[in-house]
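One structure below.
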Amino acid sequence: MTHPHPDTDVRHITEPELADWLRAVNTGFLRAPTVPDHDLEARRAQFEPARFLGAFDRDNGGRCVATFRSFAQQLTTVGGATVPANAISAVTVTATHRRRGLLTRMMAQDLAAAKDRGDVVATLIAAEYPIYGRYGFGPATWMTEWTIDVPRTGLDPRRPVPDDGGRIDLVDGEDVRKLGPELHERVRRTQPGAISREELWWRVHTGLVRFDPTWTEPFYAVYRSPEGEVEGLVTYTVDDNWHDKQPHNTATVKQLLASTPAAERALWRYLCSIDWTTQVKSGWRAPDDLLPLSLPDPRAARITAQSDWLWVRILDVVRALETRTYETEGALVLEVTDRAQLAGGRYRLETSSEGGSCTRTTADADLTLDVADLAALWLGDESAVRLAALGRVREERAGAGRSADALLRTSRRPWCPDMF
């Protein structure tokens, strides 16, 4: 049960309050609450007064007890178009102040501002599954991690060079800052669920800006096509683990981007050829990633993690459905419920290979569903038939779930390569 606490103020923070706010963030994520000077200075580069919220307890000297941050983002939809998104991060409520409605107040304020700005969706990566559905978010992409048993793959470690005339080169962080952004733009424009990266992202992930004082430089490798174009980039670390004078080292992928299947296959082969490496951890990949089937023995890649990943909250149903593309022609009337009254209503979606048209309507609904479940369907990953079987979608017309799947589902699953 949520209780009102008038002595706790929810408001935007000021820059002098950033250190107190960060202390609350660290406390919420079970990190040391002390905020080092280098961390504070690095965080100042992200500070936007209108996008940082805090809850302050007046009975405890105005201490920050809950945090919430949002920032501008672009999200790729089915077909390659992008929509403006309100990305949410750093969400915490201190254990002493739970069940007081603080997150609900911060979320309501932030989502209302996002809708007023014209953002089509809000996004987040959920630390805990049960929290965000009640705010209209649904899991729109999932991730899988594989651990590769290198000796079992069937690959010849003596042949790491691509057999298509391309090449793989080791590079350093400066090269990544030059080559990475353009490659990432090419990849994200073709990958539903991918998000934009600002310049700061590349500075942080190559060590120019350090939130973590223990950061050490990883290895970077690029794949160049036979024409010399950079089509792939992998960042990875390797541990140093020996037993009885035998190597048992693991290469851990931090990110792997590829704009072509050839580049992707070449980078995985390269990782499996590194001397003294007996395991490769793939990092967070799409559930239908090419990795296992690109190996001569797919059983060498064992699933070691699988989970929901990017959560989406639709703020504008019309723009969300009209921005993506569709493979087939059809029509569907959706009754969308939204307890926050940000995007609810009855909508008629008409689709063709030319795109989609979405308008409000008074016609009888084919499907009734919550805005959170529409988010799960929107990027093509979830099945309306499956949600109906779970009791989360109601068919008002027999067969409407199959009709929705025919219109909304995609041949490849959406994927978000990033954590934020």
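The table for this structure:
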quantity: Fluctuation leader among H12, H97, H184 - the chain, Gaussian network, Cα springs under 10 angstrom; calculated: H97
quantity: Reachable lysines, given that their alpha-carbon falls under 21 Å from the alpha-carbon of K254 and they are not under 8 places away in the same chain; calculated: K178, K281
quantity: Projected label distance in nm at R360 and A398, using a 7 Å step from Cα toward the beta-carbon; calculated: 3.3
quantity: Dipole magnitude of segment 88-175, debye to nearest 20 (Cβ charges: Lys/Arg +1, Asp/Glu -1, about Cα centre); calculated: 880
quantity: Relative packing of 219-230, 270-281, which averages over residues the other C-beta atoms within 10 Å, highest first; calculated: 270-281, 219-230
quantity: Diffusion constant of the chain at 37 °C, which comes from Stokes-Einstein with the Kirkwood Cα-pair radius and 0.692 mPa s, µm²/s; calculated: 140
quantity: Magnitude of the charge dipole, the chain, Cβ model with Lys/Arg +1 and Asp/Glu -1, debye to 20; calculated: 780
quantity: Potential lengthening between R167 and A305 on full extension [0.36 nm per residue; Cα-Cα distance subtracted]; calculated: 46.6 nm
quantity: Derived scalar couplings ³J(HN,Hα) [segment 344-354; Karplus, 6.51 cos²θ - 1.76 cosθ + 1.60; whole Hz; x for Gly, Pro]; calculated: x, x, 10, 10, 9, 9, 10, 10, 7, 5, 7
quantity: Under 5 Å, built H, 5+ apart or other chain: amide partners of A305; calculated: E145
quantity: Net charge of Cβ neighbours under 11 Å - reference R285; Lys, Arg +1; Asp, Glu -1; calculated: -2
quantity: Average accessible area per residue (Å²) across the chain - probe 1.4 Å, nucleic acids and ligands excluded; calculated: 47
quantity: Förster radius 22 Å - calculated FRET efficiency between A19 and A112, Cβ distance, rounded to 0.05; calculated: 0.20
quantity: Percentage of interatomic Cα-Cα distances in segment 68-118 larger than 18 Å; calculated: 44
quantity: Percent RCO, i.e. relative contact order, over the chain, from Cα pairs under 8 Å lying at least 6 residues apart; calculated: 18
quantity: Two-site label geometry, R152 and R134: point separation in nm, points 7 Å out along Cα→Cβ; calculated: 4.3
quantity: With DNA, RNA and ligands ignored, accessible area of K115 (1.4 Å probe; Å², nearest 10); calculated: 80
quantity: Cβ-derived FRET efficiency at R0 22 Å, H243 paired with D275, nearest 0.05; calculated: 0.85
quantity: Surface share of carbon and sulfur [accessible, 1.4 angstrom probe, percent] for segment 1-158; calculated: 54
quantity: Ellipsoid equivalent to segment 1-119 - semi-axes via the Cα gyration tensor, in Å; calculated: 26, 19, 12
quantity: List R134, R265, ordered by accessible area with a 1.4 Å probe, largest first; calculated: R265, R134
quantity: Isotropic mean projected area of the C-alpha convex hull, segment 175-239 (nm²); calculated: 5.6
quantity: Segment 229-347 - Rg over Rh from alpha carbon coordinates, Kirkwood radius; calculated: 1.17
quantity: Dipole moment magnitude, nearest 20 debye, segment 27-157 about Cα centre, only Lys, Arg, Asp, Glu C-beta charged; calculated: 620
quantity: Choice from G28, G193, G380 with maximal GNM fluctuation in the chain (Cα, 10 Å cutoff); calculated: G28
quantity: For the chain, built as a Gaussian network whose Cα springs stay under 10 Å, the top-fluctuating residue of S403, S282, S70; calculated: S403
quantity: Surface accessible to a 1.4 Å probe, F137 within the full protein complex, Å²; calculated: 0
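The values are calculated or read from the model by the stated rules, or taken from the named source; none is laboratory data. What you see is a predicted model, and the numbers here were worked out from it, not measured in a lab. Note that we place each Cβ from the backbone using ideal geometry, even for glycine, and neighbour counts take in every protein chain shown. Note: areas computed on protein heavy atoms with side chains; ligands, DNA, RNA excluded. Shrake-Rupley method; radii C 1.70, N 1.55, O 1.52, S 1.80 Å.
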